[in-house]
Amino acid sequence: MFIVFEGIDGTGKTTQMKLLAEKLRQQGRQVVETFEPTAGVYGKKLRQLFRRRDELSLQDELDLFIADRREHVATLISPGIAAGHDVLCDRYYLSTAAYQGARGGDVAAIIDLNRAFAPEPDLFVILETPVTVGRTRISAIRGEEPNDFEQADYLERVGEIFRQLRRDNIIRINAAADINTVHRRIMAVVDNFLMDS
Ligand code: TYD
């Protein structure tokens, strides 16, 4: 399986992906856990730029996310799928559609650009919480100040794009509940997918 976790910042993607990985490993499956932006050259560059995004044009930002993803697909995602492993990815191209779309990018064009090279996941799990819940989790639990990507009105627009996306492989999970409840909701979806495939 290739499963992607998506959603605005502070929805719990990273935590939930870890819990799913543990469960799948207990079932004897080989699991690759990965994330975007990656720890590679382009991903590192993006993270450095997070605190001063206005210095980067939308096009340059988009180019960097695409370059990062191309490298990620070539070095890790495609080889993982080819080896028959479960690949779990924290953010993928719907984040580009939503975040760069919220900066004014053309959402449909961004998706087309990605689909030309990026393997399609079996499931996009979009975790949904109100922006206020996500921001509270970021500052209270992580002890971090929200970065430029995490400003409230921007995240409202990002969330709106996530809500409007329509695809057969998108599953939406209400992630405003506690960790275990959200985990159970995700397991129900994944178990269902495994039974059908
Ligand atoms: P995030 O998963 O929040 O990383 P971390 O938890 O390590 O801080 O990702 C960082 C930010 O990158 C996030 O706010 C969304 C943004 N982003 C985009 O704008 N476009 C993309 O294509 C991706 C993958 C991420």
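Pairs of alpha carbons in the chain separated by more than 25 Å make up 33% of all such pairs. Ligands, DNA and RNA are left out, and with a 1.4 angstrom probe the accessible area of the chain is 48 Å² per residue.
If I compute solvent accessible area with a 1.4 Å probe over the protein chains, what percent of it on the chain is carbon and sulfur? Here it works out to 51 percent. The separation of the stretch 16-36 from the stretch 101-166, counted between C-alpha centres, amounts to 22 Å. The charge dipole of the stretch 2-196, taken about its Cα centre with unit charges on the Cβ of Lys, Arg, Asp and Glu (plus for the first two, minus for the last two), comes to roughly 400 debye. Compute the relative contact order of the stretch 13-140 as a whole-number percentage, counting only Cα pairs closer than 8 Å that sit 6 or more residues apart in sequence. 28 percent. Restricting the stretch 69-153 to GluC sites (Glu not before Pro) that sit in a DSSP loop and have at most 14 other Cβ atoms within 10 Å of their own Cβ leaves Glu144.
Given the options Ala109, Ala67, Phe193, identify the residue whose Cα lies farthest towards the positive end of the charge dipole of the chain (+1 on Cβ of Lys, Arg; -1 on Cβ of Asp, Glu). Of the candidates, Phe193 comes out farthest on the positive side.
The values are calculated or read from the model by the stated rules, or taken from the named source; none is laboratory data. This one's a predicted model, so the numbers in the text were calculated from it and none came from an experiment. Positions of Cβ are backbone-derived with ideal geometry, glycine not excepted, and every protein chain shown enters the neighbour counts. All accessible areas refer to the heavy atoms of the entire protein, side chains included, with ligands and DNA or RNA removed. Shrake-Rupley method; radii C 1.70, N 1.55, O 1.52, S 1.80 Å.
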